Each structure stands twice: as C-alpha cells, then as structure tokens.
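Worksheet: the structure to be examined is printed underneath.
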Amino acid sequence: MAKLIVKSPYIKCTGGGNAAGAGGYLHYIGTREHVQKLTDDRPPTRKQEQLIAKLMKDFPGVKQLEEYGGYEERKTKVTASALITMALEENWQAVSQMDGYVNYIATRPRAERLGAHGLFGDEDGINLKEAMAELNSYTGNVWTHIISLHREDAARLGYDSAQAWRNLIRAHRNDIAAAMKIPPKDFHWYAAFHDEGEHPHIHMMAWSAKPGQAYLSREGIQQIKSVLMNDIFKQELLHVYEQKSASRDELVREARREILELVCTMQTGLCDHPEVETLILQLAQGLETVRGKKSYGYLPKPLKALTDQIVDQMERIPAVAQCYEKWLTLQGQVDSYYGGDERKRLKLSQQKEFRAIKNAVIQEAERIRAGEITFEDENLSAADELESTRYNVEFYCQYRDKIYDADLPLDERDYAAEQMARAAQAGNPYAQHLLGKLYRDGTVVIPDAEKAQDWFQRSAEQGLNVARYALGKLLLTDDPLVRNIPTGLCWLELAQQNGRSYAGYRLGKEYLRGKIVPRDVPKALEYLNDAAQRGNQFAQYTLGKLYLLGREVPQDKALAEQWLKQSAAQGNEYAQFFLDRLDQFRPPSVLLAATHLLRQIGSIFQDNSLPKSSPGGIRYVDRKLRQREREKKIAMGHRADDHEEYTGPTMSM
C-alpha cells in the first residue's frame, strides 16, 4: 500500500468567477475545518448514508477511492465523513454546481487555521479575498493536488500539523513547478492542511502566471510524489537504501547473486532456438523496406509486433524467465514505497526498463540483413597473451604468481609488483611486458594506458614477440591517449611475421571488418589462413564460418567442416555448435541469432540488477531540450505519449 497518495485533477478556469471555479474551491479548502474526531464507533447518520448513496450513483469512480474501502470495512461516522470529503473534493467542479451538494458544502465546518483562514503559500499572511479574486479572473488550468498520508504515518513522522506541511511544500515548490513544466518565477500556489479522519492531507492549488504554459503528465505526478516521499520518509528510505534489516539485506544479496549467476549462464551458454531464428529472419527481411533509423520507435507497427514477439520468445528461455522474476522481486521492494498497487507482471517486451532488448533484437536482425560477419571470440583474452613456458626464472615466476594471487594480502601483492618494477627498470623484457599488462588491466596498480604503452614498447624493442602483439593491440584501442592505428598495425604485422598467430588473427579480423582499415577480403584470408595453419582456434572457426556462409568467399561446406572440426577439437564451442547443425535445413546466418540476443539480454539484466528507486530531484528543462529528449526516447522505443518512465538513483547494496 502506498505510503503517500498524490492525486492531481485540475479546474478549467474561464475567468467567470462562479462558485464552481478556482476561487470557490480556494475558499472551500481554506475555510473548511477538519472533521470532528469521535471517540466511539457510532454508525453513520442517515444523512451521511443518503449522501454516500447519491455520490456513488452520480460518480461511480467513488468506489475506487481508498476511503470507500475503509467505509465498507467499517461503517462509522468517521469513515463516512472521510469518504464524503474525498469524494466531494475529487469531483469539485461537478458537485459545486449540483443542488444536492451545494448545501452540504456550504454547511461543512472550516479548515485548521493559520490566522483568519487555513491557506499558506510562498508568503505568510495571505489575503483570502485577493487570492480568490486572482483565481476568479484566471483563464488557464489550475491543478488541485490532493496529497495525503495514512494517519499512523502522519503521526509518526510529524506531518499532522499545517506547519509541517507548509515547510515541506515551500522546500519543494521549485521541484513541483519543474514537474508541471513551469519556471519557478511563474509558479503560483496556495495550500491548506486538513486533519481528516484516517488520511490527514493537504489541498494544493497550483498554476502558472502564463495561461497555457503548465503541463502535468503522469510522469510529472510521479516526480512530485517521489520528491515529497524522499523528504517525508527519508529516514525510512535510508533503511531501504542501506538495507539495515539483516533479513532484508540477505534477501536482496541472495536475489542479486542469483540474478548475476543467471546472467553468467546467459553470457556463456549457447542457445538453440529455431522459433527465434525464423522470426528474426522475417524481421531482417522486413527491415529491407525501412528507410532511415532502424530502431523500435521508427518501425511500422507490423515490425514492432514482430520485434515484441521475438522478445516474448526469448523470455521463454528458463534463464531469462528466472532472471526476470528475480528482478521483479527486487524492484517490487522499492515500488512498495512509491505506488499503491503491486507491480503487475508484464511480458518482458512490455516492461519499460528492458526496452533496450527490443533495439538489441533489431540490431541483430539488421546485422543478418546486411550480411555482417561476427567474431565469437569473447574468450580470446584468456589465451592470447600466454607467456613462453621456456622463461621460468624463479624470481620472476614467484613474484608474478603473488601479484595475481587474489587471496594474498594487498601489501604482499604490492611488494611483488614493486620487485617486478625493479626488474623491468633493470631491462628484463619479461618483467617489462608483465608491468605493461598490470598498468593496462589495472591489476594491483592504478590503470594507466600511457605507462602500459611505455613498458610494452621497451619489451617489444628488445624482441619479445608477445609484447609486440600486446603493444599493437593497445594502440588499436579507443583510448585517445594511446590510439595510433598505423603504428599499431605495424607492431601486429611484426608479431605475425615472427610467428604470433593471434596477431595474424587480429589483422585478418580487422581487414574483414573494414572499420579501422579499408576492407580487404583477400588480405584478411591470407592472415587468417596463416593463423589457422599455426593452430589458432579462433582463426580456424572464422574460416569455417566464412566457407559455410558463402558470402565473402564461395561456399564450400567440405572446407568449412574441415576448419570447424580443427577448431572444435581445441574446445571451441561455437565451432561444435555449427558442426552439430550442418545437416539441418536452417540458414547458417541465423543459427547464432538467439545466442547473440541471449548475451545482450544478459548484459541488460546485469545493468538493471540494482532495482531503480524514485528520482531524487527534478530539474526544469526548456522546451527545445525537452523535444530532443522526447525524440531520443521515441527512437529508443517509447511511445510519443509515454510519460511514465523515469531514471533515478539505484539502491546501493
């Protein structure tokens, strides 16, 4: 159940100044006193019962009010009065013009007063008549926020007085203005506190000095609710953020651990999903007719539906389904503080936080349509810089092992790194290469690409081939401090010429992709064949896939099988995946589509493994920037009228 309730209807003002207008509503909230508190459970009066029956007939939505549930559960004068009050206030513009209600409103008691009336705003000493005149002459929309707490929360947290609410609203008036798209200088507001039954609340009227400027979306209402929640419940929210409860802390840790284990399964396993292959091939064919941006927000409806269908198929994979369930559990713990309803279990394709999955599907389909080659070599870094087993000097092996032993105290590992640095300074090429790796990877030392380049180069210039390869790789990275493509390629070619198969594989890969060098398939094949003949499993797999697909080279299934078998014999699971399906009538280009998507989904779940909380603050955004942000969201898959999504701070564990 929500701990803070925010409702934000509005009154359309015409400047006529009638009783149903904003001025009349202001007078009502400013002069109505809280309901008399009763010490017994006397049943409602006949007049109350008749009025409730009339309200329910005239306004069926009354049954959706929380006060209606309280009244049905326990019919007393107190619950009846609370229901009548909220029903009248939620339907103010209509009831103030209907004869059956006008007399009741006129005879209601008045509000808790801060002087002659109960109104407060930016300033003290509000003149009620002048305020009413201002609103009666206004010609724009006036929002009538109703912000309430449960009685036990209000009493416990000190929000059972007008002064506490006045301080709260004044502290956050600019936040509320921003949520309503009103610059602070144009924001006008008045409010009054009603110590009402089981739900003490305030009525806040808010509008812009410039009619037509204000705009309040569902997202804006959520922002108002969130910023007030963060203040009112700041101590309790700290319990959520810091997870002070041992049992709750354990629950979150366990759920996150399970999510990350499932993510690991998604990112390392292979997925055979013929249904997804068929659908994604259809999507790839459909993208042929799409001009411009190929992202979810720009696709025609049939292709959007097809994309959703693919995501829903992926959700049926056990690891994805379990991961999604765990995420819903974690997110629900935070949502319980911000929403009145339990989070519904939507299909993964309809869950806003995971809309990135849709664009991942589209990107995969576009890759298939364009015939783009992929390189399944995520395990490359574990094997491509292995040191020569011939260099087994005791001091080097001893300190190297200590540096990488995560079970040792940090000071021992630091000492080992210092000794290795001394050896590097003395000119040992193996120590220089190792020191370069430490600075590149941030092991024990602070990452520093320039220092890594320096040590790799010192070692490479002494002829250590693995250092030539490491230096070439480093110079091809996106780090602007060290990126130097021509020099990097030269070092890789030198390493390849001296027998480094991984350098040949990397060069073949770059000439196939054609991103940092002009695409040159014959040259790529030359490098890949050399690396494959030297026993490089990644080059063997790539050649096997190229001959199987028959795009860059003429299709040759016999040659494809030969290379795939050699790669699989070295443990390449992707090569074995293709070998197992050589006799199946399925397009080779889409055999790995589900696997690629599974990896992407795993990464997206990992990014969302910490449940999102509510925004901690709101900023005013000018019209042009707001438009650019909306266009970007639409491109990412949001509807044009989608105002609900927010991105805020995440819980820290």
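If you go through the stretch 550-592, how many residues are at pLDDT 90 or above and either part of a helix (DSSP H, G or I) or buried (at least 20 other Cβ atoms within 10 Å of the Cβ) (or both)?
Of the residues in that region, 21 qualify.
How many residues are at pLDDT 75 or above, among the β-branched types (Val, Ile, Thr) and under 20 Å from Asp607 (Cα atoms) if we restrict to the stretch 225-272?
4
So which of Val517, Val466, Val482 ends up being closer than 16 Å to Asp384 by Cα and either in contact with a helix residue (DSSP H, G or I) (Cβ under 8 Å, 6 or more places away or on another chain) or among the polar types (S, T, N, Q) (or both)?
Matching residue, one of Val517, Val466, Val482: Val466.
Out of Ala192, Ala154, which single residue is buried (at least 20 other Cβ atoms within 10 Å of the Cβ), part of a helix (DSSP H, G or I) and either more than 29 Å from the chain's Cα centre (by Cα) or among the small types (Gly, Ala, Ser) (or both)? Step through it out loud before you land on a result.
Details: Ala192 fails: part of a helix (DSSP H, G or I).
After ruling out the rest, the residue left standing is Ala154.
So which residues in the stretch 205-224 are open to solvent by less than 30 Å² (accessible area, probe 1.4 Å) and either in a loop (DSSP other than H, G, I, E, B) or modelled with pLDDT of 90 or more (or both)? Give the derivation first.
Just the residues of the stretch 205-224 that are open to solvent by less than 30 Å² (accessible area, probe 1.4 Å), to begin with: 205-208, 214, 216-217, 220, 224.
Result: Ala206, Trp207, Ser208, Ala214, Leu216, Ser217, Gly220, Ile224.
Starting from the stretch 307-332, keep only residues that are in contact (Cβ under 8 Å) with a residue 60 or more places away in the chain, then list their pairs with residues that are among the aromatic types (Phe, Trp, Tyr) and assigned to a helix (DSSP H, G or I) whose Cβ atoms are within a distance under 7 Å, requiring at least 6 positions of separation or different chains.
Cys323/Phe605; Trp327/Phe605
Checking Ala94 against (1) surrounded by 14 or more Cβ atoms within 10 Å (Cβ to Cβ); (2) modelled with pLDDT under 75, which test does it fail?
Answer for Ala94: the failing condition is (1).
Residues are listed down the side, and each one gets a yes or a no for (1) charged (D, E, K, R); (2) touching a helix residue (DSSP H, G or I) at 6+ places or on another chain (Cβ under 9 Å); (3) buried (at least 17 other Cβ atoms within 10 Å of the Cβ):
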residue	(1), (2), (3)
Gly269	no, yes, no
Thr278	no, yes, no
Gln282	no, yes, no
Ala305	no, no, no
Gln313	no, yes, yes
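Looking at the stretch 165-183 only, could you name the residues that are of a type in the set (D, E, K, R) and closer than 17 Å to Pro9 by Cα?
So in the stretch 165-183, the residues of a type in the set (D, E, K, R) come out as 166, 170, 173, 175, 181.
Lys181 - this is the single residue of the stretch 165-183 that is of a type in the set (D, E, K, R) and closer than 17 Å to Pro9 by Cα.
The values are calculated or read from the model by the stated rules, or taken from the named source; none is laboratory data. Since the structure is predicted, the reported quantities are computational estimates derived from the model, not experimental observations. Neighbour counts are summed over all protein chains in view; Cβ atoms, including those assigned to glycine, are modelled from backbone coordinates with ideal geometry. The accessibility values were calculated without ligands, DNA or RNA, using every heavy atom of the protein model including side chains. Shrake-Rupley method; radii C 1.70, N 1.55, O 1.52, S 1.80 Å.
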